[in-house]
Amino acid sequence: MSDAKRLHPATIILNIFKPIKEMFFLIVITFITLDFIYFLLFLLAFLLLNILFAGLSWYRFIYWVTEDALQMEYGVFRRTKRTISKNRIQSIDLTENIVHRIFKLVRVQIETASSGTSAEASLPAVKLQEGEALRAELKYRKTVDESAQENTKHQEDEVKKEITFQRLLLAGVTSGGIGVILGIIALALQEVEDFIPDGIYDVTIEWFISSSLLTILLLIVAVLFLVWLLSIGLTLIRYGKFTIKLQDDELLITRGLIEKKQLTIPLHRIQAIGVEENIFRQPFGYASIVAELAGGSSGGGEETSTVLFPLLTKNEIPAFLEQFIPGFSWRPEQITWTKPPKSALKYYIFRSGIFFFIVSLTVFFLLPAYTWVALMLLALMLLRGWMSYRDAGFYIDGKRLFLRYRVLKRVTVLLYNKRVQAFEKKQHVFQRKDNLASMRLSIISNAGGKHYHIKDLEEEKVHSLSDLYFHE
């Protein structure tokens, strides 16, 4: 692989679609604001320049592998030469979207410890065999005999787990992705709201005020049901055929129906392991396992944590961790949580409910007929505050620290002392009167840093934890 190579010509197609995707809203706005003839001229010029630039970008991109590094040269107007040492490479991920699958290609993403939220280097489209050979060439420099011995060992001792369709469907049903999808819809509406005629707003508000309570409830239920179905579908697409393997001190994860991803996670990059239980899964004893990684991307694009398995029962979690990440294994019955005192409950309730209390008062004066809706939301938020208080806590196990907290979902985190980058104590005047304090621990993660907050603990406990971990 020492000869200079170009990417597959299908890269031109990918290069054409990328700016169209990035400038989609600009194209829509241009269509709305310009006369049709001018819009066609704009669109034609945009497409011609886009095709020309995509072809030149493909032609000017070459890469080759030397004994110690990956070399790349690219750039249309400004030539860039990059060298990535093999010793710096943390992981090499292969991704296949629809275009890749049509031509039997893969995207090769190379990550180093300094990659941040995106890959250090990316080869947008190479043949599948070339991508796998490139990954092997960059990761390993072993003799034929050593490779043969390791392949035999892998076949004998391979640790592997796949998700069943029934479990995947259950993960979709309980994913709790409704809020995420509604947030995306809200952002999309913000982008186009200036182009919606005022008359539509007036008609909508008038209909809403004049409609019966039953009609509004049925409409809300119908919208939530459709969004819930969409959430299930997205989960099936994202985590379809999910497989995790342990090999050579690395976790190899394959997932995705439409876009197939092959992620490589060296065990030494794992900074913390989390068990996430949302409000739909917790009552039935289900949770997902996630990892915080040092450097590189999470492989998900939309997420900062890397999902190690979408759905497990809580009884399955200890065995899963023991198999795949033995350094982070634990059993829940061995943990005795240090929890906030009773005097902290009022702060959890206040923080959770104050906003909706103000909303309730506002609705009471402006739209008194819908005060019950605001009060219902206020009651739910007060319940959330109590649950956050009940679930918060920490536990020290030698050089390991367990944290547990809740925003909407309950999260249990295990991390090592040496992974903690910063410890911060916070205390406002009211906490000081009750001898309480909050703490924040920070670690390195995909997004540049991950912060864990445990609020309203006994001040003495926070001081002892700080002394134990940072003043030994």
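The values are calculated or read from the model by the stated rules, or taken from the named source; none is laboratory data. Predicted model, so just to flag it, every value in this text is computed and none were measured. All Cβ positions, glycine included, derive from the backbone under ideal geometry; neighbour counts span all protein chains shown. Accessible surface areas use protein heavy atoms only, side chains included; no ligands, DNA or RNA. Shrake-Rupley method; radii C 1.70, N 1.55, O 1.52, S 1.80 Å.
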Point to revise | Flag for Lys450 being buried (at least 19 other Cβ atoms within 10 Å of the Cβ), among the charged types (D, E, K, R) and under 24 Å from the mean Cα position of the chain (by Cα) | key: yes
Review point. When you scan segment 414-437, how many residues do you find that are more than 20 Å from Thr304 (Cβ to Cβ) and surrounded by 21 or more Cβ atoms within 10 Å (Cβ to Cβ)?
Key: 2
Revision key, fill the gap. So, first residue surrounded by 11 or more Cβ atoms within 10 Å (Cβ to Cβ) in segment 70-85, second residue of a type in the set (Val, Ile, Thr) and part of a strand (DSSP E or B), Cβ within less than 6 Å, six or more apart or across chains; the pairs are Leu70/Ile84; Gln71/Thr83; Glu73/Ile62; Tyr74/Thr80
Point to revise | All strands (runs of 3 or more DSSP E) inside segment 399-465 with 2 or more residues being touching a Ser or Thr at 6+ places or on another chain (Cβ under 9 Å) and at pLDDT below 90 | key: 420-426
Study note, to complete from the structure: Filtering segment 343-372 for residues that are modelled with pLDDT of 90 or more, open to solvent by 50 Å² or more (accessible area, probe 1.4 Å) and of a type in the set (Phe, Trp, Tyr) leaves a count of 3
Point to revise | Filter result for Tyr59 (open to solvent by 90 Å² or more (accessible area, probe 1.4 Å), in contact (Cβ under 8 Å) with a residue 40 or more places away in the chain and more than 28 Å from the chain's Cα centre (by Cα)) | key: yes
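Working only within segment 215-259, note down all residues that are among the polar types (S, T, N, Q) and farther than 17 Å from Arg101 by Cβ. Give the steps one after another, and end with the answer.
To start, the set of residues in segment 215-259 that are among the polar types (S, T, N, Q) comprises 215, 231, 235, 243, 247, 254.
Correct list: Thr215, Ser231, Thr235, Thr243, Gln247.
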Check your understanding: Can you spot a residue in segment 381-396 that is in a helix (DSSP H, G or I), over 19 Å from Ile354 (Cβ atoms) and modelled with pLDDT of 90 or more?
Key -> yes
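For segment 5-15, which positions are open to solvent by less than 50 Å² (accessible area, probe 1.4 Å) and aliphatic (A, V, I, L, M)? Write out each step before concluding.
Step one: of segment 5-15, the residues open to solvent by less than 50 Å² (accessible area, probe 1.4 Å) are 7-8, 10-12, 14-15.
If the condition is that a residue be open to solvent by less than 50 Å² (accessible area, probe 1.4 Å) and aliphatic (A, V, I, L, M), then Leu7, Ala10, Ile12, Leu14 are the ones that fit.
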Review point. If you go through segment 402-414 one residue at a time, do you hit one that is without any contact (Cβ under 8 Å) to a residue 40 or more places away in the chain and more than 21 Å from the chain's Cα centre (by Cα)?
Key: no
Check your understanding: Could we say that Asn87 is in a helix (DSSP H, G or I) and closer than 30 Å to Gln247 by Cα here?
Key -> yes
**Study point:** Qualifying residue in segment 16-39 (condition: within 17 Å of Ala125 (Cβ to Cβ), surrounded by 15 or more Cβ atoms within 10 Å (Cβ to Cβ) and among the β-branched types (Val, Ile, Thr))
**Key:** yes
Point to revise | Filter result (under 23 Å from Ile279 (Cβ atoms) and over 33 Å from the mean Cα position of the chain (by Cα)) within segment 342-374 | key: Ser360, Trp372
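Look through Thr112, Thr95 and report the one residue that is out of contact with any Leu (no Cβ under 6 Å at 6 or more places or on another chain), open to solvent by less than 60 Å² (accessible area, probe 1.4 Å) and either more than 20 Å from Thr304 (Cβ to Cβ) or modelled with pLDDT under 85 (or both).
Working: Thr95 fails: either more than 20 Å from Thr304 (Cβ to Cβ) or modelled with pLDDT under 85 (or both).
Thr112 is the lone residue from the list that is out of contact with any Leu (no Cβ under 6 Å at 6 or more places or on another chain), open to solvent by less than 60 Å² (accessible area, probe 1.4 Å) and either more than 20 Å from Thr304 (Cβ to Cβ) or modelled with pLDDT under 85 (or both).
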